[in-house]
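Each value in this text was obtained by applying a stated rule to the coordinates, not by laboratory testing. None of these values were measured; they are calculated from a predicted model. Virtual Cβ from ideal backbone geometry, glycine too; neighbours counted across all protein chains shown.
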Amino acid sequence: MSSLLVKNAHLIVMDDRNTEFSDGGLFIENGFISQVGATRDLPSTADEVLNLKGRVVLPGLVNTHHHFYQTLTRAVPAAQDANLFNWLTTLYPIWAKIQPDDIFTSTQTALAELALSGCTAAADHLYLYPNGSKLDDEIAAAAEIGLRLHASRGSMSLGEADGGLPPDSVVDDEESILKDSQRLIQKYHDAKPGSMVQIVLAPCSPFSVTSDLMKQSAKLAREYGVHLHTHLAETEDEEQFCLEKFGHRPVEYMQEVDWVGDDVWFAHAVWVNDEEIKIFAQHNCGVAHCPSSNMRLASGIAPIKKYRRAGVNVGLGVDGSASNDGSHLLAEARNAMLLARVQEGITGFSLSDDPNRKLMTARETLWMGTRGGAAILGREDIGSLEAGKCADFFAVDLNKLGFAGMHDPVAAIVFGQPVNVEYTVVGGKFVVKEGRLATVDERKLIERHNSAAKRLLTN
């Protein structure tokens with residue numbers, strides 16, 4: 001059994017009761033937290049000791065929606081100023097050229113970025129598999145980085161010829177999709193506390209898969225006890241598509257195909273009404289909030305305050321790096337807080353009208369990025385710093401120019417300009433150490449990634 005003592009942190013923040021320990025620390029054994037509290041109350045020795053004087057330590061952030069492969073197509077000129085549907089139709093032909101090695105490289109690039117922003121667990125949605133690519137390529141790449149992975153076996157089966165949005169060249173037949181989904185669950189899914197890989201079934205969206213695949217995926221997922229994920233209600237275009245194709249608004253369509261329950265979470269969920277929010281709350285569906293992508297594609301503002309008031313679990317997601325152009329989860333937390341405040345302003349924020357109405361706070365946003373995300377993924381072993389939970393955390397050095405004059409260090413991490421973290425630890429193992437990646441060579445990764453990205457746009 002190995003042990004790690006973290007001591008002398010300026011603050012240790014966020015258990016389930018939002019406790020904050022000054023001059024705090026963690027005692028970690030075999031990848032799990034044994035004790036958390038004031039440094040003076042912890043053991044004085046361990047196999048490794050990490051002195052975090054002048055640092056704030058928080059639970060590892062949980063990324064609930066991403067498309068790792070899209071790091072290969074950031075800021076593509078033809079897609080820079082498009083809305084969702086036009087953005088997709090521009091990029092689908094490029095993505096059709098992706099090779100298995102590209103999946104591996106882009107996964108490592110995205111996870112490395114996430115780790116440098118304090119992320120310790122990430123859900124990725126891989127929904128196209130050109131040229132022999134497999135979800136296995138992503139899982140192998142993630143194992144080298146060292147972050148926890150919820151690998152979504154995405155799929156597209158409704159091509160242009162059948163009334164869908166994606167070109168027929170990037171869709172698959174449904175029998176092979178379901179067969180591969182079962183194979184992946186049986187080979188990789190680990191539901192035990194501390195697991196590094198879990199499989200999710202994730203047909204891409206209402207405009208790229210059939211109703212039958214949605215139903216069959218839900219049935220298969222529940223046979224094996226794995227979670228379900230899809231894009232939903234991201235744009236007004238999708239709402240119109242669902243009404244014309246299925247005769248239902250997106251949320252009602254999800255009910256029709258058995259996609260409601262505490263094993264389901266939706267990406268975006270921007271265009272919903274109050275009754276649909278009640279449906280999410282009633283069935284314990286989760287929402288992955290992706291504010292940067294929603295702004296980038298002019299998709300709208302998700303009603304996050306309404307979701308939280310209704311009791312809907314909300315987590316944060318960076319979304320794909322072709323609609324965000326980065327994978328920085330602390331930046332996403334900042335944008336989530338600020339965009340929620342913009343929305344309050346649009347609707348007319350006034351304490352005189354409702355004294356219980358409040359702006360979204362920095363700590364509320366961090367809770368979404370940690371406990372909220374863990375709840376969506378069905379994880380009780382991550383998301384907070386408590387005895388018995390996974391030793392997943394990150395540390396931020398307050399001795400930086402951007403923190404000068406900040407009077408609340410925890411809030412400063414969200415209010416201030418996003419920074420790269422000094423340490424990211426997953427299961428007691430360093431993924432980022434002293435501000436640098438500890439598990440891969442960053443320079444070589446950048447070279448491989450740039451070469452792959454250039455080939456996709458020049459071939």
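Which angle from 0 to 90°, rounded to the nearest 10, does the C-alpha axis of helix 274-283 make with the longest principal axis of the chain? The answer is roughly 70 degrees. Taking packing as the residue-averaged number of other Cβ atoms within 10 angstrom, the listed peptides 234-247, 333-346 run from highest to lowest as 333-346, 234-247. Between residue 89 and residue 407, the FRET efficiency estimated from the beta carbon spacing at R0 = 51 angstrom works out to 0.55.
Legend: P(r) of the chain from all alpha carbon pair distances, 10 Å bins from 0, whole percents, reading 4, 22, 32, 26, 12, 3, 0. Once backbone amide H atoms are built at 1.01 Å from N, residue 232 has 267, 269 as its partners under 5 Å, excluding neighbours fewer than 5 places away on the same chain. Take every Cα pair under 8 Å whose residues are at least 6 apart in sequence, average their separation, divide by the length of the chain, and the relative contact order is 21 percent. Only one residue of 246, 221, 189 has its Cα farthest out toward the positive end of the dipole of the range 170-295, where Lys and Arg carry +1 and Asp and Glu -1 on Cβ, and that residue is 189. Where a ≥ b ≥ c are the square roots of the eigenvalues of the C-alpha gyration tensor, would you call the range 72-185 rounded, which needs a/c under 1.5, or, failing that, prolate if a/b is larger than b/c, or oblate? The shape class here is oblate.
In the range 267-329, inverting the average of 1/r over every pair of distinct C-alpha atoms gives 12.0 Å as the Kirkwood radius. Here the sum of -39500 (n - 2.57) over DSSP H runs of 4 or more residues, divided by the residues of the chain, equals -10500 deg cm²/dmol at 222 nm, to the nearest 500.
Residue pairs exceeding 30 angstrom between C-alpha atoms, taken from 400/454; 7/305; 134/429: 400/454; 7/305. A simple rule links phi to the HN-Hα coupling: the Karplus curve 6.51 cos²θ - 1.76 cosθ + 1.60 with θ = phi - 60°, which for the range 379-386 gives 9, 9, 9, 9, x, 8, 9, 8 Hz, with x for Gly and Pro. The calculated pair-distance distribution of the range 230-354 uses every alpha carbon pair, bins of 5 angstrom beginning at 0, and gives 2, 11, 20, 23, 19, 14, 7, 2, 0 percent. For residue 35, nonlocal amide neighbours, meaning residues 5 or more places apart or on other chains whose placed amide H falls under 5 Å from its own, are 27. Local charge for residue 46 was computed over the other residues whose Cβ lies under 11 Å away, with Lys and Arg +1 and Asp and Glu -1, and equals -2. Percent of Cα pairs in the range 26-136 per distance bin of 10 Å, from zero to the largest separation: 11, 31, 25, 14, 14, 5. What's the long-distance tail for the range 370-459, i.e. % of Cα pairs beyond 15 Å? Cα-Cα pairs in the range 370-459 separated by more than 15 Å: 72 percent. Translational diffusion of the range 164-254, estimated by Stokes-Einstein from the Kirkwood radius over alpha carbon pairs at 10 °C in a medium of 1.306 mPa s, is 111 µm² per second. Across all directions, the average flat footprint of the convex hull enclosing the Cα atoms of the range 285-431 is 10.5 nm². Specify the angular offset, from 0 to 90 degrees and rounded to the nearest 10, of the alpha carbon long axis of helix 174-188 from the longest principal axis of the alpha carbons in the chain. Here the helix axis deviates by roughly 20 degrees.
Expressed as a fraction of 2.2 N^0.38 Å, the C-alpha radius of gyration for the range 170-219 is 1.27.
What does a probe at residue 237 reach in the range 154-170, counting residues whose amide N is under 15 Å from the point 7 Å along Cα→Cβ? 160, 164-167, by backbone N distance to the label point.
Neighbours of residue 290 by Cβ distance under 15 Å: Lys/Arg scored +1, Asp/Glu scored -1, total -4.
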